[in-house]
Amino acid sequence: MFHLAGVADRVPLTEVDDAGFRRALAAKVQGVVNLDVLTRADRLGVFAAFSSVSALCGDFGAGSYAAANRFLDAYLAVRDGRVASGERTGRTLSLDWPLWDAGGVDALVQDGELDTYQEATGMLRMTPRQALDAFDRAWQFDAPVLVPVLGDPERIARTLGGAAVPPAATRAGASTEPAPPPG
């Protein structure tokens, strides 16, 4: 089972109304809850979700998207506990992707924001090939939430709240790093 839905909203959190905030959260929040509830009795091998590093470092001031992804990560951490207790099945994994250089949410990044993002976080955008490689490597880690990163290891570690970033997370390669615990 894979959950890939999401709605990126460019309305600043200070200006979004209740309906807009709920609309931005619905795809990730209601989507993952519904999928988990509907598959709770199924013998799943995998229950994976594509989240965003915005859950840990924000989303260019909009906030709704970051909140939706933070919920997704927290929910999958809880689901992982349910797998451990036998209430659910399947390897549970949420991947907090940084920006990619090929479409998706990245298309909403405005001129100048990418430079600010890279300078502030140390993260570079991933190519689809790098993302697929990180996805393949993610399965070797025993954590419900991982952050595939590419860029400057020291700035990335500061951005992620001091999480240790292995030396492989350099400008030349990508690494998949467990995220700090949600909450």
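Bear in mind that the values in this text are calculations on the coordinates, not laboratory data. What you see is a predicted model; the values in this text were computed from it and never measured. All Cβ positions, even for glycine, are placed from backbone atoms using ideal geometry, and neighbour counts span all protein chains on display.
With a/c under 1.5 counting as rounded, go ahead and sort the stretch 1-99 into rounded, prolate or oblate using the C-alpha gyration tensor (a ≥ b ≥ c being the square roots of the eigenvalues; past the cut-off, prolate if a/b is larger than b/c, else oblate). Intermediate results must be reported in sequence, preceding the final value.
Details: a/c = 2.71, a/b = 2.02, b/c = 1.34.
Since a/c reaches 1.5 and a/b is larger than b/c, the shape of the stretch 1-99 is classed as prolate.
Just want to confirm a number: the relative contact order over the stretch 1-154, from Cα pairs under 8 angstrom separated by 6+ residues, in percent. Numbers along the way, then the final one.
Working: 225 pairs, mean separation 36.5, N = 154.
Relative contact order here is 24 percent.
Taking amide H positions as placed 1.01 Å from N in the peptide plane, with prolines and chain starts having none, which residues 5 or more places from Ser52, or on another chain, fall under 5 Å of its amide H?
Distant-sequence amide H within range of Ser52: Trp97.
Place the peptides 8-17, 93-102 in order of packing, highest mean first, counting for every residue the other Cβ atoms within 10 Å and averaging per peptide.
Values: 8-17: 14.6, 93-102: 21.5.
In descending order of packing, they fall as 93-102, 8-17.
From the phi of every residue in the stretch 15-32, what ³J(HN,Hα) in whole Hz does the Karplus formula 6.51 cos²θ - 1.76 cosθ + 1.60 yield, where θ is phi - 60° and glycine or proline is x?
Per residue, the Karplus-derived 3J(HN,Hα) values read 10, 6, 8, 4, 5, x, 5, 5, 5, 5, 7, 3, 4, 7, 6, 5, x, 5 Hz.
Going toward the positive end of the dipole of the stretch 1-87, with +1 on Lys and Arg Cβ and -1 on Asp and Glu Cβ, which of Val11, Gly61, Leu76 do you reach last?
Ranked along the dipole, the leading option is Leu76.
So how far apart, in nm, are the two label points at Val83 and Glu15 if each is 7 Å from Cα heading toward Cβ?
Computed distance between label sites Val83 and Glu15 equals 4.1 nm.
Just the C-alpha atoms of the stretch 1-48: what Rg/Rh do they give, with Rh taken as the Kirkwood radius?
On the way: Rg = 13.8 Å, Rh = 12.2 Å.
Ratio value, two decimals: 1.13.
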